[in-house]
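The next block holds one structure in the form of structure tokens; read it before the comments.
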Amino acid sequence: LQVKPLGVIWGKFSEYYSKKNTIMFDDIGRNFLMNPQNGLKIRPFMKAHLNRDKDKELLKLTQYLKEIAKL
């Protein structure tokens, strides 16, 4: 099982990143197994040539990040 261990980044760049200031975005929930509190599952971007103009996921994500940045 392959996951994305944020602990590696936190260990190498602890002066910049920690579990308090890191969010991982992915369309595969199992990638958050090692750090479930730091993962946010988003919709996959599929069939880009057909859905490019309809996809709004990043726009929604932008609004979310602006809101939590205040915290």
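Ranked highest first by the average count of other Cβ atoms within 10 Å around their residues, in what order do 49-59, 28-38 fall?
Result, highest mean Cβ count within 10 Å first: 28-38, 49-59.
To the nearest 0.05, how large is the calculated FRET efficiency for Phe13 and Lys66 if R₀ is 35 Å and r is the Cβ-Cβ distance?
That pair, Phe13 with Lys66, gives E of 0.90.
Give the accessible surface of the chain per residue, rounded to a whole number of Å², with probe radius 1.4 Å and ligands, DNA and RNA excluded.
87 Å²
Evaluate E = 1/(1 + (r/R0)^6) for Gln2 and Met46, where r is the Cβ-Cβ distance and R0 equals 22 Å; express this FRET efficiency to the nearest 0.05.
0.60
Rank these by accessible area, largest first, 1.4 Å probe: Thr62, Thr22.
Thr62, Thr22
Explain nothing, just the number: dipole magnitude of the chain about its Cα centre with +1 on each Lys and Arg Cβ and -1 on each Asp and Glu Cβ, in debye rounded to the nearest 20.
100 debye
Per residue Cα convex hull volume for the chain, in cubic angstrom?
Dividing the Cα hull volume of the chain by its residue count gives 110 Å³.
Under 8 Å for C-alpha pairs, at least 6 residues apart: give me the relative contact order for the chain, rounded to a whole percent.
The value is 25 percent.
Calculate for the chain the 222 nm mean residue ellipticity that helices alone would give, adding -39,500 (n - 2.57) per DSSP H run of length 4 or more and normalising by residue count, nearest 500 deg cm²/dmol.
Roughly -9000 deg cm²/dmol at 222 nm, from the helical runs in the chain.
Does anyone have the angle between helix 57-69 and the longest principal axis of the chain? Alpha-carbon axes, 0 to 90°, nearest 10?
40 degrees
Please report the spacing between the Cα centers of the stretch 45-71 and the stretch 1-39 in Å, no decimals.
20 Å
The values are calculated or read from the model by the stated rules, or taken from the named source; none is laboratory data. Just so it is clear, the structure is predicted and the values come from calculations on it, not from any experiment. Backbone-built Cβ (ideal geometry, glycine too); neighbour counts: all protein chains shown. Keep in mind that these areas ignore ligands, DNA and RNA; they rest on the heavy atoms of the full protein, side chains included. Shrake-Rupley method; radii C 1.70, N 1.55, O 1.52, S 1.80 Å.
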